[in-house]
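Structure record follows, encoded as structure tokens.
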Amino acid sequence: MSEVPEDVADQAKDRLTAIQQLVKYGLASDARHRGDEREWYRTILRTVADLRDECRSLERELSSRADADRVLGPSEISEAARITRAALYKRRPKS
């Protein structure tokens, strides 16, 4: 079994740290805007959308890397990332 390449691990760690910061921001916004229902919903929805985008982007990058480097097979990637194999195949670069 080989080690995770340094650049891949560092990039994933940076992205996970960014996700963690978004969660902290969301929790702080929750407390700050409890008295203003409209602002609370706006802020929490934006935060959740940002989290979704960050998570989806990281999942795509890691899935593509695992596929390209043949670290995991398509079935393993689709199971771990909770995506279909067809979605994984569509992401592959055209040859």
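The values are calculated or read from the model by the stated rules, or taken from the named source; none is laboratory data. Bear in mind the structure is a predicted one, so any value in this text is a computation, not a measurement. Glycine gets a Cβ as well: all are built from the backbone with ideal geometry, and neighbour counts include every protein chain shown. What goes into the accessible areas is simple: the full protein's heavy atoms, side chains included, and nothing from ligands, DNA or RNA. Shrake-Rupley method; radii C 1.70, N 1.55, O 1.52, S 1.80 Å.
Could you look through region 51-95, keep only residues that are outside any helix (DSSP H, G or I) and among the aliphatic types (A, V, I, L, M), and pick out the one that is most open to solvent (accessible area, probe 1.4 Å)?
This residue is V71.
Residue by residue through region 56-79, note down the ones that are of a type in the set (A, V, I, L, M, F, W, C) and either at pLDDT below 90 or over 18 Å from S2 (Cβ atoms) (or both). Show your work before the answer.
So the first thing to find is which residues in region 56-79 are of a type in the set (A, V, I, L, M, F, W, C), and the list is 58, 62, 66, 68, 71-72, 77.
Listed by number, the list holds a single entry, L58.
I'd like to know if region 9-24 contains one or more residues that are without any contact (Cβ under 8 Å) to a residue 40 or more places away in the chain, under 30 Å from R92 (Cα atoms), of a type in the set (D, E) and assigned to a helix (DSSP H, G or I).
Within region 9-24 (the criterion being without any contact (Cβ under 8 Å) to a residue 40 or more places away in the chain, under 30 Å from R92 (Cα atoms), of a type in the set (D, E) and assigned to a helix (DSSP H, G or I)), the answer is yes, since at least one residue qualifies.
So, of the residues in region 14-37 that are surrounded by 12 or more Cβ atoms within 10 Å (Cβ to Cβ) and basic (K, R), which turns out to be nearest to S57 (Cα to Cα)?
This residue is R15.
Residues to consider are E39, E54; find the one that is charged (D, E, K, R) and in contact with a helix residue (DSSP H, G or I) (Cβ under 7 Å, 6 or more places away or on another chain). Please lay out each step first, then the result.
Numbers: E39 fails: in contact with a helix residue (DSSP H, G or I) (Cβ under 7 Å, 6 or more places away or on another chain).
Unique residue meeting the criteria: E54.
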